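The values are calculated or read from the model by the stated rules, or taken from the named source; none is laboratory data. Keep in mind that this is a model prediction, so the values were computed, not measured. A quick note on method: Cβ atoms are made from the backbone with ideal geometry, for glycine too, and the neighbour counts reach across all protein chains shown. The accessibility values were calculated without ligands, DNA or RNA, using every heavy atom of the protein model including side chains. Shrake-Rupley method; radii C 1.70, N 1.55, O 1.52, S 1.80 Å.
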Amino acid sequence: LQETKTSEKGVIPEFIAGQKLVQPFSVDMDSLEEIEFMVATYARANKGNLHLTIETLDGEQKVLAEKDVDVSGLEDNSYYIWKFDETLSDIKGKMLALGIESQCQPGEAITLYYGDIENGQSALILNGQEFSGELHLVLAGADYSLFGMYYWLWVSAAGIILILYIAWSDYQESKGKLTKGKLISVI
């Protein structure tokens with residue numbers, strides 16, 4: 001599991017019904033398994049929902065995942081972890097966007113932490129206007145390598161080939177012939 005984390009600087013204003021934020025981000029991993037963002041509840045009981053989406057920004061816009069979150073279950077100054085139902089694959093180097101739409105009334109809404117813009121990332125867009133920072137996010141996913149994904153398959157295949165070669169060498173020796181493997185063991 002690999003993580004990418006942005007800084008934490010402050011909170012956006014109370015995030016009330018009708019407001020929408022969009023945080024563009026790029027992924028340096030082959031797959032994305034979960035995304036976390038930090039929330040603040042103003043140390044009160046809140047009610048309402050947030051509608052979350054992950055969309056592609058490269059080419060045609062396509063919703064990859066979406067979820068509704070009941071804000072009454074969120075804890076003050078803690079991370080909300082959105083573990084996707086299905087891992088988002090084939091996204092390395094692509095631009096995605098986390099969209100959050102509030103359905104909470106004033107006085108019952110939460111807020112979200114943001115940080116300074118780092119590493120050329122895109123600014124947070126709040127209600128269609130660029131905000132002076134980016135959402136405080138933690139992205140968790142994985143990088144795959146051909147050898148790493150199939151490690152035990154490769155080890156098993158090498159073991160089977162070695163066993164077959166030894167058996168073939170023994171058979172050749174029983175016929176009075178030496179193979180290179182048997183010749184090395186004789187020397």
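Could we say that residue 65 is of a type outside the set (D, E, K, R), within 20 Å of residue 31 (Cβ to Cβ) and touching a Phe, Trp or Tyr at 6+ places or on another chain (Cβ under 6 Å) here? Yes; evaluated as a whole, the condition is true for this residue.
If you go through the range 95-119 and keep only what is closer than 12 Å to residue 26 by Cα and open to solvent by 80 Å² or more (accessible area, probe 1.4 Å), you end up with just 119. Do you know which residues across the range 16-67 are among the acidic types (Asp, Glu) and at positive phi? Scanning the range 16-67 gives no hits.
Working carefully through the options 38, 95, find the one that is touching an Asp or Glu at 6+ places or on another chain (Cβ under 7 Å), under 14 Å from residue 15 (Cβ atoms), touching a residue at least 60 places away in the same chain (Cβ under 8 Å) and of a type outside the set (Ser, Thr, Tyr). Criteria check complete, one pass: 38.
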